[in-house]
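To start, the structure under review is shown below, and the notes come after it.
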Amino acid sequence: MQTTTKLCFCLAGGELSSSVETNSCIDEERRALLIFKQHFVDPSGRLSSWVGHDCCQWKGISCDNKTGRVVKMDLRNPYYPSFDDDLAYEEWDESAYEKAQLGGKINASLLSLKHLNYLDLSFNDFHRIRVPKFFGELKSLQYLNLSSASFGGEIPPSLGNLSSLHFLDLGGNSGLTSRKLNWLSRLSSLKYLNLGSVDLSTTRANWVHAVNMLPSLAELHLFSCEIEIIPLISLRHINLTSLLVLDVSDNVYGSSFPSWLFNLTSLITLDISGNHLNGPFPKVIGNLCKLKVLSLSRNEFNGGIEEFWRSFSNCPNIALESLDLSSCGLESQLPTSLGLFKSLQNLNLRGNSLRGSIPDFIGNLLSLKTLDLSSNYMNGSIPQSLGQLSQLVSIDLSSNLWEGNLTEAHFINLTRLQDFRIGDEVQPTSLIFDVAYDQVPPFKLHTINIINCQIGPDFGVWLQSQTELRDINLRGNGISDFIPEEWLLKISSQLIQLDLSYNQFRGNLPSNLKSPKLEWIDLSYNQLEGPLPLWSATEVFFFHLESNSFFGPIPSNIDQMMPNLKYLYLSENHLNGNIPRSICNMQQLRELSLYENHLNGTIPSFVYNMKQLLILSLRRNQFHGEFRDAWRVGSNMRFLDVSQNNLSGNIPTSLGVLSSLEVLKLNNNNFDGEVPNSLQNCSRLMSIDLGDNKLFGKISQWMGGLNVSILSRLRLRSNYFSGHISQQLCNLRQLHILDLSHNSISGTIPKCLGNLASLVNDSYTILSTPYSNEQTTLTLKGRELVYNKTLDLVKSIDLSSNTLQGEIPEEISSLILLGTLNLSRNQLIGKIPSKIGNLHWLETLDLSHNHLSGQIPRSLSSLTSLSHLNLSFNNLFGRIPSGNQLQTLNDSSIYMENPSLCGVPLSTKCPGDDTFPSKDTKDMNEGGNDELWFYVSMVLGFIVGFWGVCGSLILKTSWRYAYFQFFDNIKDKVALAIALKVARFQRMFSDV
């Protein structure tokens, strides 16, 4: 949580909040307020008290207690969100906030309020109307707050006439702009200025000069204004010596750290986050010794942070209380100088590349309240000194590589701890909670987030003692215990999130749980059993019980118990009975997953009413009966999956009204008839799977038309489709899976298939569907495989088991990204394309059971990724190519029933193998020749060496004399050495 500094600018003191003691107000001002009210839109009746003669008693109006003049109008939305307090923001009532927003027009009758010095219209909705120019005539104004009220257009320069203004807040109005800020320089008394989210992109250096003319300015907010930092070299003098708070976050600087900021030595709060600042940390940042709050997050600093810590060592007292360096690209370890920051209360180093362990001196930061080291590469064990931080309220160590044990000593003094997060969403950690079963920790947590650690097998007392929990995530911790019913009932009233998924929890769940705040329930992938629990949770929108052993029917009153449900996952259980018709009353339902149960009956006509339904998944059930023509209203549906059931009848033509449909899966049912042309109205279709049904007729032309131009997966296998492959399919630039196998399709393979962009160009981006629960069965590498999360990476064409004729088009060799090509069991003739070796990523090639002839192209040996090859049952002839990947495919069945093929791995020798040595024989002969040449070269070397020396001695007399003289000298030296050694030994023995 980031600490912010707030300054009070209620400059008129108690007079602003006091009300008049008389029974009436100035009549002229009362009439002006009534005119003002008439032009307002007030849906919640906030101004209903504006009746009667005493306007000083009206809500939001305050008068001077002596003159009766209106001095204050406070119409701020009472339900505005508090962003400074996380808990307050969580409990914020958004619906009440929206209902209480005032709107309409602002009438100039306010000019009658001559003594108005306080005007607050913040957090309302004025639908981008302009800020009234006449505000500049309210000369008595000291406080003007129009923040987050949806004003638009140019800020009127007339606001510069408000010379008494001390407080001006126009922030949070993203529709406001200002081309020039010259009018600011006239507000010489201004102490607070907020222009956050106002477009100042055209002001260039003007904003710097204008702000510098405000010598009394104490707080300046220019976040998200699209400004650029301008060096203050052109200014003779910096007047911002009184500035205490500066927020210039989320702009477009993109340069090194602006050094002039270090001259603002009075700063208490500095936020310069999110500006793409780069380079090293500035060493002179330590000049700002009064800083209490510093945020440099979301920048691009390089290297470590040692210099940053050391720079503050020059300060007599380090006052820093809140430091945010998250997502700054830091790569070093935590330096020892961190221990000097004794006043630090909030430390955020999230999202960097920090490594190493937490140093023991972390225990010196006794004022620390929040610590966030998440999403780094830190490892090793967690020091027990962490348990000395008695002020700690929140600690987040998640998404690191921690090891070792966590014991009672790590928590012994953490009496104020409310938020604890550790573990990793992606991979299991080796961190073990070595806490005694009956240990009761000293804290009462509100949030516990322990993911993929080792807690189990028991659900210990140390967990059951946490009775103030609101958010629980204990995903994947190896717990194989029962869920304590008493504990669950005790926390249910305040519970917001409950995630116990991917454990081995067993037993039944309580059926009478009431949780008015609960929004998220995930108990999937456990061993829970018994009747399906249906809790009274009116706010829950995510209910996930997938992959358990629940049995019995889906409760018929599910719509009453969970009326706001959006995501219902009950798949892979043992549910039976019918789908209750009450589901049709769940207007918020978007995703329904019921696959792999024992449900029966028909799909009810609930879809008439489910206007918001986005996903319907009923896979692997035992439905019987027809798929009724009931899809008439669900125009927002995006994912329809009723696969792997026993549904029958025709595909409803009314599916065509699902204009937002992206994924259609009707496979593995008993549908018959033709595919309705009305589906061409589903222009967002990205995936169609109608495989394993009894559909017949021709493949519709619309499947390659412009209406479904983003189709990327088309699976029609195992039906009774006939006719030719439509040329229109070649228009599908996103198509990367085409499966028309096991039908009765005839004709030739279109040459234009070589134009499929997603299989030709590796720079072409395939649009991926956002549904991780989509599964597709494909025949790859000779066997059926199920793909889900990697489905977008599969690139396959399967036209096998049809009656296709003609030749394989040479153009298919241009599909260089293709991973699977299966054209087996057809009536294809001609040769295998000579450039088949261009398909460098090909893993599966099956051309078996055709009438192909000619030789196998030698380019086939260049397919280095090939792992499954079948060319059997054709009329191929000649020698089988060898080399590279083909050497590993030595199964002779790959080439069987090609009578004229020869060579390895077949036993049939090629013609001439007896006359011309085979490769192996040649290799042996080459080996024998090598051995012969070895001996020949050895003899020749001996002859050359011998006669090169001895021959020269025989022929040249002077060399012969020198040679023997050399040996005579050597002989004398050796004889002398031996004589000396013998004499030495004789003396040694004689002494003994």
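Every number here is computed from the coordinates shown, using simple stated rules; none is lab data. Because the structure is a prediction, the values reported are computed rather than measured. Here the Cβ positions follow ideal geometry from the backbone for every residue, glycine too, while neighbour counts run over all protein chains shown.
Take the Cα of SER892, step 7 Å toward its Cβ, do the same at TYR437, and the gap between the two points is 6.5 nm.
On a per residue basis, the convex hull of the C-alpha atoms belonging to the stretch 31-77 measures out at 75 Å³. Restricting the stretch 436-497 to chymotrypsin sites (Phe, Trp or Tyr not before Pro) that sit in a DSSP loop and have at most 11 other Cβ atoms within 10 Å of their own Cβ leaves TYR437. Cβ-Cβ distance of LYS59 and SER536, R₀ of 41 Å, FRET efficiency by 1/(1 + (r/R0)^6): the value works out to about 0.65. Residue separation of ASN585 and GLN504 scaled by 0.36 nm, minus their Cα-Cα distance, works out to 25.8 nm of gained length.
Please work out whether the stretch 703-811 counts as rounded, prolate or oblate from its C-alpha gyration tensor, where a ≥ b ≥ c are the square roots of the eigenvalues and a/c under 1.5 means rounded, while otherwise a/b larger than b/c means prolate and anything else oblate? It is oblate, given that a/c is not under 1.5 and a/b is not larger than b/c. Averaging the Cα positions of each part gives two centres, and for the stretch 666-703 and the stretch 161-190 these lie 62 Å apart.
Each Lys or Arg adds one and each Asp or Glu subtracts one; over the other residues with Cβ under 14 Å from the Cβ of HIS868, this totals -3.
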